[in-house]
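Only one structure is covered here, and it is reproduced in the block below.
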Amino acid sequence: MIPVLDLQPEITLLKKELQEASERVLEHGRFIMGPEVKSFENEVAQYLGVKHAIGVNSGTDALLIALRAAGIGEGDEVITSAFTFFATAESIEMTGARPVFTDVEPYDFNIDPDAVEKAVTSKTKAIVPVHLFGKPAAMARLMELGQKYGLLIVEDCAQSFGACYHAACADCSGECMPDWRQKLMGKQTGTLGVAGAFSFFPSKNLGGFGDGGMITTDDDDLAEEASMLRVHGARKKYHNEVLGYNSRLDTLQAALLSVKMKHIGRFNEQRREVAQRYHEHLADVEEIQLPARPDTGHVYHQYTIRVKRAGKSENPGKRRDSLASYLKEQGIQTMIYYPVPCHLLPIYEGQKMHLPNAELLKDQVLSLPMGPFLKKEDQERVIEAVCSFFRG
Ligand SMILES: *Cc1c(COP(=O)(O)O)cnc(C)c1O
């Protein structure tokens, strides 16, 4: 079976360094907030180009704590994408605020700024864009809306470690932009909004060996607030000020993540090369739409294609599902991210919303095998199988 993601090659490659790192931690024994946590936080801050990086115990907690540290809570509305993993919405809910789901751009799966603007009310406090599958969202437009309506932007970077922002939209080349927008070009996700939230869940671009997460921000006050919230709401031990969390990044995880961090630029580059090969060989298959190209700052957490419907009379999703079954028979694993958009989840059953693009995508998306170490011959098998499904 060719898996969607194979983590074993990088573990094998880095085994010695990983073992040495864990041995160091076992020897000094400072398992909670040991020295490796601070040094990993510094490495991340430096790599991304941000003032503060605060390790926490998951991407979900990174979102929750970043939102709370930004002052989001009871009575607030937070606009986010309907086409994301539930944790985005869940973390908003956990602050006491209400997630307001908006539709996405079908070409890059990310939140549609026009839909965001329509969803703004007097209660709206923040926007949480998700850089889905590793493709930066339309940050310039979103930041413009943030300015216009006084909204904070907290980026969900769970899938976008190392992705950098390039163009505001598909038809924008850059030169026509005002200075403030040009300054955003090439900046890392997680450094554009007031805060960013990263996940180190094992399957993410920078994946650990268990749960982990990180908050990034240039704002000193937000950083201090977040650091306090992650240790039970105490600035000084045993002097708890507010209800916080037990949400620290383990020393052991930090030490291991530090090892992988040294290679993240190369790993993301290898993902882009894999994407480029898919692009070259699948460009002529009319029945599918390919994701955005590597020069858009994409890091391909997933390589997700859209399988278009054969005709109006065909059941939505039928051709995508047949392709998935065909690939499975050929020994190729694929995944559907996400089969149910947030607004259609059982928990939101009462809302009765209709978001046409998110609903279109749930029937069309299919994520193909992707990873820094996807073997050329395996990828060729995937490409051949996709082509032969459509050409017979
Ligand atoms: C994985 C993920 C999260 C949650 O991260 P965890 O570390 O699993 O808590 C949040 N948002 C998105 C888009 C994700 O993919």
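The values are calculated or read from the model by the stated rules, or taken from the named source; none is laboratory data. Note that this is a predicted model, so its numbers are computed, not measured. Here the Cβ positions follow ideal geometry from the backbone for every residue, glycine too, while neighbour counts run over all protein chains shown. Just the protein is used for accessible areas: all its heavy atoms, side chains included, with ligands, DNA and RNA removed. Shrake-Rupley method; radii C 1.70, N 1.55, O 1.52, S 1.80 Å.
Tabulated data for the structure shown
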| item | result |
| --- | --- |
| Region 101-119, residues that are more than 16 Å from the ligand (Cβ to nearest atom), crowded, with 22+ Cβ neighbours inside 10 Å and of a type outside the set (D, E, K, R) | Pro113, Val116 |
| Residue pairs meeting the criteria (Cβ under 6 Å; at least 6 apart or on separate chains; first at negative phi and aromatic (Phe, Trp, Tyr), in region 64-90; second more than 9 Å from the ligand (Cβ to nearest atom) and part of a strand (DSSP E or B)) | Phe83/Val104 |
| Index of the failed condition, Thr84 passing every other in (1) within 16 Å of the ligand (Cβ to nearest atom); (2) exposed (fewer than 15 other Cβ atoms within 10 Å of the Cβ) | (2) |
| Matching residues in region 272-290 - criterion: being open to solvent by less than 10 Å² (accessible area, probe 1.4 Å) and not β-branched (Val, Ile, Thr) | Ala275, Tyr278, Leu282 |
| Number of positions in region 87-98 that are surrounded by fewer than 24 Cβ atoms within 10 Å (Cβ to Cβ), within 14 Å of the ligand (Cβ to nearest atom) and of a type outside the set (Asp, Glu) | 2 |
| Residue that is least open to solvent (accessible area, probe 1.4 Å) [pool: residues in region 184-209 that are of a type in the set (Phe, Trp, Tyr) and either within 20 Å of Gly297 (Cβ to Cβ) or away from the ligand (no atom under 11 Å from the Cβ) (or both)] | Phe198 |
| Unique match (being within 30 Å of Val274 (Cα to Cα) and of a type in the set (Asp, Glu)) among Asp114, Asp108 | Asp108 |
| Selection count, region 295-339, where residues are open to solvent by 60 Å² or more (accessible area, probe 1.4 Å), free of Cβ contacts under 8 Å to residues at least 24 places away in the same chain and not in a helix (DSSP H, G or I) | 5 |
| Selection count where residues are open to solvent by 70 Å² or more (accessible area, probe 1.4 Å) and within 19 Å of Gln188 (Cβ to Cβ), scope region 20-71 | 4 |
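Per-residue answers, yes or no, for (1) assigned to a strand (DSSP E or B); (2) under 26 Å from Pro294 (Cα atoms); (3) under 18 Å from the mean Cα position of the chain (by Cα):
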position: Pro106; (1), (2), (3): no, yes, yes
position: Phe109; (1), (2), (3): no, yes, yes
position: Asp114; (1), (2), (3): no, yes, no
position: Thr121; (1), (2), (3): no, no, no
position: Ala137; (1), (2), (3): no, yes, yes
position: Gly146; (1), (2), (3): no, no, no
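Every residue, every condition in (1) over 24 Å from Val25 (Cα atoms); (2) of a type in the set (D, E, K, R); (3) more than 14 Å from the ligand (Cβ to nearest atom), yes or no:
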{"position": "Asp211", "(1), (2), (3)": "no, yes, no"}
{"position": "Asp220", "(1), (2), (3)": "yes, yes, yes"}
{"position": "Ala223", "(1), (2), (3)": "yes, no, yes"}
{"position": "Ser227", "(1), (2), (3)": "no, no, yes"}
{"position": "Val231", "(1), (2), (3)": "no, no, yes"}
{"position": "Lys237", "(1), (2), (3)": "no, yes, yes"}
{"position": "Ser247", "(1), (2), (3)": "no, no, no"}
{"position": "Gln253", "(1), (2), (3)": "no, no, no"}
{"position": "Ser258", "(1), (2), (3)": "no, no, yes"}
